[in-house]
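Data block below; observations after.
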Amino acid sequence: MKFVKQHVVKAVAGIALVCAIALPAAAQEMKIGVVSLPALIERAPQTKAAMDALQEEFAPRQREFQAKQKEYEDLAAKIQKDLAVMGETERRNAQKEVRDLERDLARMQNEFQEDLNLRQNEEYGKLQRDMLKEVQDFAEAQGYDLIVGDGVLYVTSAVNITDDVLRAVEANFQATSSR
């Protein structure tokens, strides 16, 4: 019994000590903000710049695909038009050529889409890392104690600092792009 009493006394003393330390810290004014990272990424100028760069990077392959698609459509139309006057061997060869071209076209489209998706994911990951860094820099510069992101179900405009961070992101982007 004496053993239990000693532990209870120690536990109460520990709780009292924690409360005595935590009370002044809780009494201090905390600066808390909420940032919607998806909204920030969507509206950031870096996102438009990254998407424009991707568009430029993949434009030659897009043009190549479109040329191959036009070639396929022209060949299919020509064969369809001449099908009645072709011999059996000529018809088989023409149909094989159309199937091969169609297969190449499908393969080309799949490869293009996979490569584009991979690069978009890479750029999106980089944008996320950059925006997190921007939020952290903003929070430190503005003296925030806590910034909350994903998982927020409701936030008032008083603590939603997404627009403030976006202005800082835009200013940083302008400063770095003007160099």
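Over the Cα atoms, compute the radius of gyration (one decimal) and Dmax (the largest Cα-Cα distance, rounded to a whole number) for region 75-179, in Å.
Rg and Dmax of region 75-179, Cα atoms, are 27.8, 82 Å.
So what's the net charge close to residue 51: Lys and Arg +1, Asp and Glu -1, counting the other residues with Cβ under 15 Å from its Cβ?
Value of the local net charge: -3.
Around residue 39, under 14 Å between beta carbons, what's the net of Lys plus Arg minus Asp minus Glu among the other residues?
The answer is -4.
Taking H as built 1.01 Å from N, whose amide H comes closer than 5 Å to the amide H of residue 160, not counting residues under 5 places away?
Distant-sequence amide H within range of residue 160: 34.
Please list, in order along region 30-37, the HN-Hα scalar couplings obtained from phi with the Karplus expression 6.51 cos²θ - 1.76 cosθ + 1.60 (θ = phi - 60°), rounded to whole Hz, x for Gly and Pro.
So the Karplus estimates, Gly and Pro as x, are 9, 9, 10, x, 10, 10, 8, 4 Hz.
Per the Kirkwood treatment, what hydrodynamic radius in Å, one decimal, follows for region 24-120 from the mean inverse distance over all distinct Cα pairs?
18.0
Every number here is computed from the coordinates shown, using simple stated rules; none is lab data. In this text the structure is predicted, and so the values were computed from the model without any measurement. When we count neighbours, we look across all protein chains shown, and the Cβ atoms used for this are built from the backbone with ideal geometry, even at glycine.
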